[in-house]
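**Q** My questions will all concern the structure given below.
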Amino acid sequence: MAKITIPLGPQHPALKEPENFMLVLDGEQICDATVNLGYNHRGIEKAAENRNYIQDIYLLERICGICSHSHVSCYIGCVEEIAKVEVPQRAKAIRTLVAELERIHSHLLWLGVAAYEMGFETMFMYTWRDREQVLDCLEMLSGNRVHYGINTLGGVRRDINAQQAKEIIKKINYLEERTKYYVNLATEEPTVLARTQNVGKLPYKVALERNALGPTARASGVKMDVRKQEPYFIYDKLDFEMITYDSEDVFGRVVVRVLELVESYKIIKQVLSALPEGAISVKVPWKIPAGESVFRYEAPRGEDIHYVKSNGSEIPERVKVRAPTLSNFQSIPYMLKGDYLADVPITIAAIDPCMSCTDRAVVYDAKNGKTRTFDWEELRKYSIEFYKKKGVNFSTK
Amino acid sequence: MKIKEKIILWSRLKSPWILHFNTGACNGCDIEIVDALTPKYDVERFGLVLKATPRHADVLVVSGPVTRQQAKRLKRIYEQMPEPKFVLAVGACACSGGVFDGCYSVLGGLDKIIPVSAYIPGCPVRPEAIIDGVVKLIGALESGAKKEIEAK
């Protein structure tokens with residue numbers, strides 16, 4: 001049979017965000033797939049170089065609406081390291097609390113979207129209804145449902161009182177009860193098993209080779225979680241487990257995320273039971289001394305890395321964001337090969353793609369209006385030259 | 001008014017079908033749009049159903065500032081929709097470009113590319129605001145249609 005190429009996206013009912021996949025089909029089976037990005041590219045990194053450190057908090061929060069706290073915490077971690085600020089323990093605890101609430105909201109959201117892609121709409125409605133409980137907690141803590149803006153340089157903006165803590169525990173107890181049901185559903189329901197088992201295989205070796213991150217990697221048995229490997233905030237004092245699973249398929253990714261929900265509930269209860277007393281923020285100078293820093297953060301989708309370079313003024317010289325989805329995208333063509341067309345939406349959804357996080361690097365040549373692609377060597381040379389001009393020498397020579 | 005026109009108007013007001021399109025949003029507005037469709041807010045009680053293709057949709061719900069890559073796709077999707085068509089700009093970015101106004105790959109608000117029927121501000125918009133916008137749009141459609149009928 002002749003092979004045909006079909007495009008999937010940028011506007012497609014199975015995709016919630018603009019992205020494009022070119023699928024080469026042999027009948028119902030996929031022989032090859034390529035990922036095209038750039039539809040969501042807004043130029044945030046460049047915009048961050050034109051705003052001051054405080055304004056950047058609110059700009060970088062809008063990289064992504066789902067993991068907004070992750071990006072800001074990561075950026076703030078860099079800036080605080082350069083400025084050598086000691087953040088109060090209470091602020092760190094509140095940041096951890098919001099981070100875990102965000103993880104719950106993101107995983108519940110994902111569970112719903114995955115169920116929707118499987119054709120299991122009832123579960124989609126259930127998880128999204130329960131997700132409202134977490135959003136209520138976040139709204140109570142920060143004043144907003146999606147972009148919390150709880151972080152500020154040197155601490156957090158809002159304190160938490162005993163009544164709020166009680167309310168959060170109440171809602172978490174409810175969610176814990178519901179999650180037991182989801183664990184049963186995800187591991188026993190025959191329709192879920194039929195749609196997820198042996199779909200989108202990603203063996204351990206390939207996961208390492210293609211740099212899969214977060215739950216995608218953990219479902220292939222890779223033990224990686226920044227919260228354990230390089231604890232930030234107060235994660236070194238908390239008792240929780242790193243969830244891994246070795247089924248190496250979509251089913252494993254469902255199981256890992258559902259069990260991570262349970263761990264997040266545990267973390268939240270620990271944080272609230274031992275909330276340190278004291279100030280919630282310290283003063284940070286308007287101008288940040290010259291320096292550079294990298295911060296690693298475990299976002300709901302995987303490891304998020306920010307790099308900030310300051311030059312002594314109130315505006316950062318360079319902000320670089322490496323979102324987890326960009327890294328996870330390398331595994332998608334591998335997962336899709338040999339699978340059936342009907343499994344494409346759930347396989348793509350299984351890495352929990354977040355395009356708004358990812359689309360920040362495309363080369364656009366304004367002179368002839370064409371996008372230009374670099375091969376690896378060219379790109380490397382170009383970046384070394386570019387940074388040499390700015391006074392940074394990355395080359396080993 | 002002919003009976004055929006009456007039936008078309010009635011079905012259009014009772015059940016406007018929507019198409020959601022992301023032109024470069026941060027996902028904040030998108031999850032709130034989906035939130036409005038799920039049990040707590042349940043915008044389906046106004047007859048709204050999320051559709052997969054522009055050819056079936058009456059209302060185009062757009063979130064996000066228009067990026068260079070998405071502008072021509074947005075135009076094409078708008079042209080594929082059958083008449084009469086309506087556009088809802090959801091969120092500060094779709095209304096005016098929001099925080100991304102001035103970025104090199106952002107063209108700005110939605111109204112620079114296609115005509116907009118209603119703006120819903122907020123960063124991100126709350127589901128209540130989306131419901132309010134939708135109800136106001138339906139109200140405007142009704143009064144507009146009635147005026148048209150009277151003019152005939």
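The values are calculated or read from the model by the stated rules, or taken from the named source; none is laboratory data. Please read these numbers as outputs of a predicted model, since none were measured by experiment. Here the Cβ positions follow ideal geometry from the backbone for every residue, glycine too, while neighbour counts run over all protein chains shown.
**Q** Please give the number of the condition B:Lys112 fails out of (1) more than 8 Å from chain A (Cβ to nearest Cβ); (2) buried (at least 20 other Cβ atoms within 10 Å of the Cβ).
**A** B:Lys112 satisfies every listed condition except (2).
**Q** All but one of (1) at pLDDT below 90; (2) under 26 Å from A:Gln270 (Cα atoms) hold for A:Glu117; state the number of the condition that does not hold.
**A** Result: A:Glu117 passes all but (2).
**Q** Contact list please: Cβ distance under 8 Å, first residue in region A:293-317 and farther than 15 Å from A:Leu60 by Cβ, second residue part of a loop (DSSP other than H, G, I, E, B) and of a type in the set (Phe, Trp, Tyr), pairs at least six apart or on different chains.
**A** From residues that are farther than 15 Å from A:Leu60 by Cβ, the pairs are A:Arg296/A:Tyr232; A:Glu314/A:Trp286.
**Q** Could you tell me whether region B:127-141 includes any residue that is in contact with a helix residue (DSSP H, G or I) (Cβ under 9 Å, 6 or more places away or on another chain), within 12 Å of chain A (Cβ to nearest Cβ) and surrounded by 16 or more Cβ atoms within 10 Å (Cβ to Cβ)?
**A** Checking region B:127-141: at least one residue is in contact with a helix residue (DSSP H, G or I) (Cβ under 9 Å, 6 or more places away or on another chain), within 12 Å of chain A (Cβ to nearest Cβ) and surrounded by 16 or more Cβ atoms within 10 Å (Cβ to Cβ).
**Q** Identify, by number, the condition in (1) at pLDDT 90 or above; (2) farther than 16 Å from B:Gly91 by Cβ that B:Asp42 doesn't meet.
**A** So the condition that B:Asp42 fails would be (1).
**Q** Okay, moving on. As an exercise: evaluate B:Ile77 against (1) facing another protein chain (nearest Cβ under 8 Å); (2) within 30 Å of A:Val134 (Cα to Cα); (3) crowded, with 18+ Cβ neighbours inside 10 Å and give the number of the one condition it does not meet.
**A** Checking B:Ile77 against (1) facing another protein chain (nearest Cβ under 8 Å); (2) within 30 Å of A:Val134 (Cα to Cα); (3) crowded, with 18+ Cβ neighbours inside 10 Å, the one that fails is (2).
**Q** Scan (1) surrounded by 19 or more Cβ atoms within 10 Å (Cβ to Cβ); (2) closer than 19 Å to B:Pro16 by Cβ; (3) within 9 Å of chain A (Cβ to nearest Cβ); (4) not small (Gly, Ala, Ser) for the single condition B:Pro54 breaks and write down its number.
**A** Failing condition for B:Pro54: (1).
**Q** Please work out which residue is surrounded by the fewest Cβ atoms within 10 Å (Cβ to Cβ), limiting yourself to region A:105-126 and to residues that are touching a residue at least 24 places away in the same chain (Cβ under 8 Å) and within 21 Å of B:Pro124 (Cα to Cα).
**A** In this case the residue turns out to be A:Val113.
**Q** Okay, moving on. Would you please name the residue that is farthest from B:Ala25 (Cα to Cα), looking only at residues in region B:57-74 that are of a type in the set (Lys, Arg) and at the interface with chain A (Cβ under 8 Å from one of its Cβ atoms)?
**A** Among those residues, the one meeting the criterion is B:Arg73.
**Q** Provide a single number: the residues in region B:75-106 that are among the polar types (S, T, N, Q) and within 21 Å of B:Arg12 (Cα to Cα).
**A** 1
**Q** Let me ask something additional. State which residue is farthest from A:Ala217 (Cα to Cα) when the search covers only region A:236-268 and only residues that are of a type in the set (D, E, K, R) and out of contact with any Asp or Glu (no Cβ under 9 Å at 6 or more places or on another chain).
**A** Top of the filtered list is A:Lys237.
**Q** Looking at region B:15-29, can you tell me whether even one residue there is more than 11 Å from chain A (Cβ to nearest Cβ), outside any strand (DSSP E or B) and surrounded by fewer than 17 Cβ atoms within 10 Å (Cβ to Cβ)?
**A** Yes, region B:15-29 has at least one match.
**Q** I would also like to ask the following. Any idea which residue in region B:30-51 is farthest from B:Gly102 (Cα to Cα), counting only those that are among the basic types (Lys, Arg) and within 11 Å of chain A (Cβ to nearest Cβ)?
**A** Here the residue is B:Lys40.
**Q** Just for helices (runs of 4 or more DSSP H) wholly inside region A:6-108: which have at least 3 residues that are at the interface with chain B (Cβ under 10 Å from one of its Cβ atoms)?
**A** Where helices (runs of 4 or more DSSP H) fall fully within region A:6-108 and carry at least 3 residues being at the interface with chain B (Cβ under 10 Å from one of its Cβ atoms), they are A:44-48, A:53-61.
Each row is one residue, and each column tells you yes or no for (1) in contact (Cβ under 8 Å) with a residue 12 or more places away in the chain; (2) in contact with a Lys or Arg (Cβ under 8 Å, 6 or more places away or on another chain).
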residue: A:Leu141; (1), (2): yes, yes
residue: A:Leu153; (1), (2): yes, no
residue: A:Ile160; (1), (2): yes, no
residue: A:Gln164; (1), (2): yes, no
residue: A:Lys180; (1), (2): no, no
residue: A:Ala186; (1), (2): yes, no
residue: A:Pro215; (1), (2): yes, yes
residue: A:Ala219; (1), (2): yes, yes
residue: A:Asp236; (1), (2): no, no
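**Q** Still on this structure: Within region B:80-92, does at least one residue satisfy the condition of being within 14 Å of chain A (Cβ to nearest Cβ), in contact with a strand residue (DSSP E or B) (Cβ under 7 Å, 6 or more places away or on another chain) and exposed (fewer than 15 other Cβ atoms within 10 Å of the Cβ)?
**A** No, region B:80-92 contains no residue that is within 14 Å of chain A (Cβ to nearest Cβ), in contact with a strand residue (DSSP E or B) (Cβ under 7 Å, 6 or more places away or on another chain) and exposed (fewer than 15 other Cβ atoms within 10 Å of the Cβ).
**Q** Give all pairs with beta carbons closer than 7 Å in which a residue from region A:10-38 that is without any contact (Cβ under 8 Å) to a residue 12 or more places away in the chain meets a residue that is part of a strand (DSSP E or B); count only pairs at least 6 apart in sequence or on separate chains.
**A** A:Gln11/B:Phe21
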